[in-house]
1. Could you check Gly393 against (1) more than 15 Å from Thr329 (Cβ to Cβ); (2) open to solvent by less than 40 Å² (accessible area, probe 1.4 Å) and say which number it fails?
2. Here is a check on your reading of the model: is Ala368 within 21 Å of Gln341 (Cα to Cα), touching a residue at least 24 places away in the same chain (Cβ under 8 Å) and in a helix (DSSP H, G or I)?
3. Against the definition (in contact with a helix residue (DSSP H, G or I) (Cβ under 8 Å, 6 or more places away or on another chain), farther than 20 Å from Leu426 by Cα and either acidic (Asp, Glu) or buried (at least 23 other Cβ atoms within 10 Å of the Cβ) (or both)), how does Arg336 come out, yes or no?
4. Has the stretch 125-136 got any residue that is under 30 Å from Ala359 (Cα atoms), part of a helix (DSSP H, G or I), open to solvent by less than 100 Å² (accessible area, probe 1.4 Å) and modelled with pLDDT under 85?
5. Please tell me if Met506 is touching a helix residue (DSSP H, G or I) at 6+ places or on another chain (Cβ under 9 Å) and either among the small types (Gly, Ala, Ser) or surrounded by fewer than 15 Cβ atoms within 10 Å (Cβ to Cβ) (or both).
6. Does Ala317 fit the bill of being in contact with a Phe, Trp or Tyr (Cβ under 8 Å, 6 or more places away or on another chain) and open to solvent by less than 70 Å² (accessible area, probe 1.4 Å)?
7. For residues that are at pLDDT 55 or above, touching a Leu at 6+ places or on another chain (Cβ under 9 Å) and either open to solvent by less than 80 Å² (accessible area, probe 1.4 Å) or among the polar types (S, T, N, Q) (or both), tally how many sit in the stretch 204-234.
8. Which condition number in (1) closer than 25 Å to Leu455 by Cβ; (2) open to solvent by 50 Å² or more (accessible area, probe 1.4 Å) is the one that Gly378 fails?
Amino acid sequence: MNISIMCASVVVTICISLGALIVGAIAGYFIFNYLASKRTSKNKATALKIIEDAYAEAKTIKKEATIEAKDEVQKLKDEANKEISFKREELKKTEDRISQKEDFIDKKDLYLDKKQQELDEKFKKIDEKNIELTNELEQQTKIKNNMLSELEKISLMSKDEAKQVLVNSMTEDARKEAAKIVKQIEEDAKESARKEAQNIVSLAIQKCATDMVAEATISNVTIPNEEMKGRIIGREGRNIRAIESATGVDLIVDDTPETITLSCFDPIRREIARLSLEKLILDGRIHPTRIEEIVEKVKRDIDVQIKEAGDQAVNDAGVYGLHPELIKTLGRLKYRTSYGQNVLKHSLETCYIAGLLAAEIGADVKTAKRGGLLHDIGKALDHEVEGTHVQIGVDLAKKYKESPAVIHCIEAHHFNVEFNSVEAILVQVADAISSARPGARRETMETYVKRLEQLEGIANEFKGVDKSFAVQAGREVRIIVKPEQISDEDAMFMAKDIAKKIEDQMEYPGQIKVNVIRESRFVETAK
């Protein structure tokens with residue numbers, strides 16, 4: 001239709017344009033109509049073909065959809081049949097189980113009915129027996145009452161009176177027997193406890209056979225020849241004075257062949273002096289500067305040995321987790337004695353005994369061993385820090401975060417506080433066992449050491465004192481003063497004041513020489 005309208009528009013346009021040419025227009029009109037007719041026929045054929053193709057395609061789609069629908073329906077039908085079959089099977093199984101349960105219930109009901117009949121028969125027999133027993137009991141009661149009446153007539157006592165007499169008699173006998181049994185039990189318990197305690201203590205001591213060596217106050221150094229004595233003394237005694245000044249140890253050079261004696265109450269100083277002297281002898285260069293170098297090196301080596309001694313003690317005791325500073329302080333006990341007894345060995349022995357005792361009685365072994373190892377650690381610093389070794393040990397343990405149980409073991413081992421744990425008691429007992437062993441301690445050694453420590457303490461109280469050393473077994477105290485603070489006149493008066501204070505505060509045999517040393521050194525380096 002749109003094409004026809006278009007053709008008509010063309011015709012009208014041509015007619016208007018070519019009005020004068022009517023014939024030509026008519027001819028053109030016919031020609032145009034012919035062409036339009038031919039074009040219309042072609043379009044109709046194309047439209048018909050499109051319609052036919054669409055119809056065929058729709059038919060094909062319909063056919064395919066029908067097939068797919070049938071397949072889907074068949075698939076759903078198959079799935080439904082499977083589901084129905086499965087449900088039927090499940091239902092059949094359920095019916096079978098229900099049937100079995102019904103059969104079981106029926107059988108159980110029959111069994112229960114049978115048991116109920118048996119129980120009814122038993123109850124019936126029991127009732128009959130009860131009736132028989134009741135009759136017999138009544139007869140026995142009558143007989144008993146008759147007997148009691150006869151007894152009352154014979155004994156001239158009522159039933160209650162006879163019962164009371166019998167009860168009193170039995171009570172008295174029971175008390176006597178109980179008293180005998182209780183006494184026997186107490187005696188057996190005491191004897192058993194005594195034997196058990198003896199066994200535990202003896203076993204603990206037997207397992208811990210630590211050698212207790214009393215420390216001496218002198219050390220001997222062997223020299224290769226007598227000429228070495230002169231080299232050690234030095235020109236006008238400068239070498240021996242340098243050694244004594246650097247170490248605080250008194251060197252005794254006498255007629256003993258190839259031997260020099262070192263005397264000092266402090267074992268650490270004596271060990272430093274011994275090792276220094278041995279190194280100087282091997283080195284051969286003996287003069288004041290070299291002496292000071294060797295002494296400083298040996299002091300550093302001794303610090304390392306102290307740390308190693310602490311580590312070894314911890315490993316031997318099996319006590320782990322101690323703070324490194326506590327281990328180092330523990331190592332210093334290697335050079336500390338108490339009543340002539342080496343404190344580190346004593347601490348280890350106390351640790352072993354306390355642990356063994358704790359194991360025997362079921363107490364905390366770790367706490368007992370740790371408390372035993374650290375109980376005397378304050379003695380490593382009691383000549384440097386004010387206070388008793390117990391208080392110093394408690395402060396150290398608190399500073400390095402030891403447990404309250406271990407701190408209490410340290411605090412209570414000399415009865416300074418009341419015991420509040422079994423482990424603290426065991427540490428105190430182990431300490432007493434270790435200290436009381438024959439030959440373990442000597443009272444004279446402790447008194448001697450305390451006197452020397454007091455002698456040095458008095459000297460250190462004076463202002464301007466740099467170092468002080470008690471030598472010659474306490475018969476001399478050497479005091480090195482700071483030359484920038486003390487003049488020669490002040491040194492003279494200081495010697496008198498120290499001597500006067502020693503006389504007032506100390507008790508000692510013989511005399512004590514006070515030797516105040518003031519030395520100035522001026523060092524320059526040539527460049």
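The values are calculated or read from the model by the stated rules, or taken from the named source; none is laboratory data. Bear in mind the structure is a predicted one, so any value in this text is a computation, not a measurement. For neighbour counting, all protein chains shown are included, and Cβ atoms are generated from backbone atoms with ideal geometry for every residue, glycine included. Side chains are part of the model used for accessible areas, which takes the heavy atoms of the whole protein and leaves out ligands, DNA and RNA. Shrake-Rupley method; radii C 1.70, N 1.55, O 1.52, S 1.80 Å.
1. Checking Gly393 against (1) more than 15 Å from Thr329 (Cβ to Cβ); (2) open to solvent by less than 40 Å² (accessible area, probe 1.4 Å), the one that fails is (1).
2. Working: within 21 Å of Gln341 (Cα to Cα): no; touching a residue at least 24 places away in the same chain (Cβ under 8 Å): yes; in a helix (DSSP H, G or I): yes.
No; evaluated as a whole, the condition is false for this residue.
3. Details: in contact with a helix residue (DSSP H, G or I) (Cβ under 8 Å, 6 or more places away or on another chain): yes; farther than 20 Å from Leu426 by Cα: yes; either acidic (Asp, Glu) or buried (at least 23 other Cβ atoms within 10 Å of the Cβ) (or both): yes.
Judged against the criteria, Arg336 is a match.
4. Going residue by residue through the stretch 125-136, those that are under 30 Å from Ala359 (Cα atoms) are none.
No, because not a single residue in the stretch 125-136 is under 30 Å from Ala359 (Cα atoms), part of a helix (DSSP H, G or I), open to solvent by less than 100 Å² (accessible area, probe 1.4 Å) and modelled with pLDDT under 85.
5. On the way: touching a helix residue (DSSP H, G or I) at 6+ places or on another chain (Cβ under 9 Å): yes; either among the small types (Gly, Ala, Ser) or surrounded by fewer than 15 Cβ atoms within 10 Å (Cβ to Cβ) (or both): yes.
So Met506 passes the test.
6. Numbers: in contact with a Phe, Trp or Tyr (Cβ under 8 Å, 6 or more places away or on another chain): yes; open to solvent by less than 70 Å² (accessible area, probe 1.4 Å): yes.
Spelling it out, Ala317 is indeed in contact with a Phe, Trp or Tyr (Cβ under 8 Å, 6 or more places away or on another chain) and open to solvent by less than 70 Å² (accessible area, probe 1.4 Å).
7. 8
8. (2)
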